[in-house]
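Taking it in order: structure first as structure tokens, then the write-up.
The values are calculated or read from the model by the stated rules, or taken from the named source; none is laboratory data. Because the structure is a prediction, the values reported are computed rather than measured. SASA here: full protein model, heavy atoms, side chains in, ligands and nucleic acids out. Shrake-Rupley method; radii C 1.70, N 1.55, O 1.52, S 1.80 Å.
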Amino acid sequence: MNLPPGFRFFPTDEELVVHFLHRKASLLPCHPDVIPDLDLYPYDPWDLPGKALGEGRQWYFYSRKTQDRVTSNGYWASMGMDETIFTSSTHKKLGIKKYLTFYLGDSQTNWVMQEYSLPDSSSSSSRSSKRSSRGSTSSKPDYSKWVICRVYEQNCSEEEDDDGTELSCLDEVFLSLDDLDEVSLP
């Protein structure tokens, strides 16, 4: 990709849906066009480097919305957590973020996918119905079924140690003083 030096890709959920997914579904160009189209399901998550847009330890790509999320070595299963994405200013519903985890056989791995989709009543479905009402016989793909995927490997050690609170330097000193109670002095 011909990107300027220092380019970083850390979009918010709202930016992914508004500036990338909505434009893709509406057949509008996206500049710069950095997120590739990728049929995810033939690839295992560790095969994504070099095929998807990588930023740090995260990979981004467009894929078709499908129920069959099987790869050559495993499958993606829903974690049962779906989030509604709202605009930050008007709190209008923009899309849905679905969480999936990758399984090798019956074993859950640390690979997580966030799948961003548009609500069912997107403007693209109305555009495609207008196209079909004109009597067009061209078989253009239904872009309202596109999703953006963000895939990353979750670090287990951070997950176990991180309870959402950070300790200050003073907290750490006080905690270490508590350990002195257990030490027997002569």
Between Phe9 and Asn73, what length comes free when the chain is fully extended (0.36 nm per residue of separation minus the Cα-Cα distance, one decimal in nm)? 20.1 nm
Accessible-area order for Arg69, Arg57, largest to smallest, probe 1.4 angstrom, reads Arg57, Arg69
